[in-house]
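Got a structure for you, questions after.
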Amino acid sequence: MDNVPELYEIFKGEVANVTDYGAFIKIPGCTKQGLVHKTHMSSSHVDHPSEVVDIGEKVWVKVIGNEIKDGKQKISLSMKVVNQGTGNDIDPNNVVLEQDARKRREFKDYSKQKIILEAVLNTVCKKCGCKGHFANDCFVQPGGTKYSLVPDEDEDKEDETKSKKTAKKKKKQEKKRKKHSRDKETSESESSSTSSSDSNSEPAKKKKRHTEKAKKSSKKKKNKKHKRRP
């Protein structure tokens, strides 16, 4: 029987092989080997495992996984949670390991999924048989009753306020136009009246001058007659 270390156990092992994705570590007292993935070699980013370890080098590791897949036992190890100088556990509560596991769960690989582009108008609902929507968006109950979306009250209020504002703007524009036209008419009438008054005043002045001259000439004639009589 192989003495397989327990989960979260720390031991010192020898590097047996280095690959592009990690390094295989010999487990003392056991014929099996554990894998240290390059993401668990150091807290900083590692491009290639050969930059961190070499074959035959001894390193401190911690068991972070032990499972059987396809009839084979796979042991996962980590170097970054163990002090390589003293062998002390840097992460005794396994907080770092839980964070790494959470990140792997949240990440999903969508590269193998096929992307299908469909126009919504050309689709037929499998639930009600109508066109223009999917079954997930269908509002038909199993009994056959149909439901439609009700517009929000806020949207109706916004439409009413917009229509009122546009009506007020139109009224203001009409008032301005009317005032402008009235001002033009008054200015034109005033200019015409002033021109007519000027034209009428000139002949009136001429008449006054003519009458004054006639009066003066008549007075002179009378004075001359009175002088001749004695």
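Leaving out ligands, DNA and RNA but keeping every protein chain, what accessible area does M79 have, in Å² rounded to the nearest 10, with a 1.4 Å probe?
Near enough 10 Å² of accessible area.
How big is the stretch 1-104 by the Kirkwood estimate over distinct Cα pairs, in Å?
13.8
Heads up, I need the accessible area for Y21: 1.4 angstrom probe, whole protein in place, Å², nearest 10.
Roughly 110 Å² of Y21 is accessible to a 1.4 Å probe.
Tell me, in nm to one decimal, what length is gained between E188 and K165 on full extension, where the rule is 0.36 nm per residue of separation less the Cα-Cα distance? Don't jump to the answer; show the numbers that get you there.
On the way: separation 23, 0.36 × 23 = 8.28 nm, distance 3.51 nm.
Answer, rounded to one decimal: 4.8 nm.
Which net charge results when you count Lys and Arg as +1 and Asp and Glu as -1 among the other residues whose beta-carbon is under 14 Å from that of I55? Walk me through the numbers before you get to the answer.
Numbers: positive: K26, K58; negative: E14, E51, D54, E57.
Spelling it out: positives minus negatives among the neighbours equals -2.
At 7 Å along Cα-to-Cβ for each site, give me the label-to-label distance between S50 and L7 in nm.
Each label point lies 7 Å from its Cα, and together they span 3.6 nm.
While we're looking at this one, here's another question. Any chance you could look up the accessible area of E174 with a 1.4 Å probe, heavy atoms only, rounded to 10 Å²?
100
I've got another one for you. Want the number for D70 to A101: 0.36 nm per residue separation, take away the alpha-carbon distance, what's left?
On the way: separation 31, 0.36 × 31 = 11.16 nm, distance 2.15 nm.
Extending this stretch completely gives an extra 9.0 nm.
Work out the FRET efficiency for Y21 and N93 from their Cβ-Cβ distance, taking R0 = 22 Å, and round it to the nearest 0.05. Numbers along the way, then the final one.
Details: r = 28 Å, r/R0 = 1.25.
My answer for the efficiency is 0.20.
Around H45, what is the net charge, scoring Lys/Arg as +1 and Asp/Glu as -1 over all other residues with Cβ under 11 Å from its Cβ?
Details: positive: K38; negative: D47, E51.
So the surrounding residues net to -1.
The values are calculated or read from the model by the stated rules, or taken from the named source; none is laboratory data. These numbers were taken from a predicted model, which means no experiment stands behind them. Because the Cβ atoms are built from the backbone with ideal geometry, glycine has one as well, and the counts that use them run over all protein chains shown. Just the protein is used for accessible areas: all its heavy atoms, side chains included, with ligands, DNA and RNA removed. Shrake-Rupley method; radii C 1.70, N 1.55, O 1.52, S 1.80 Å.
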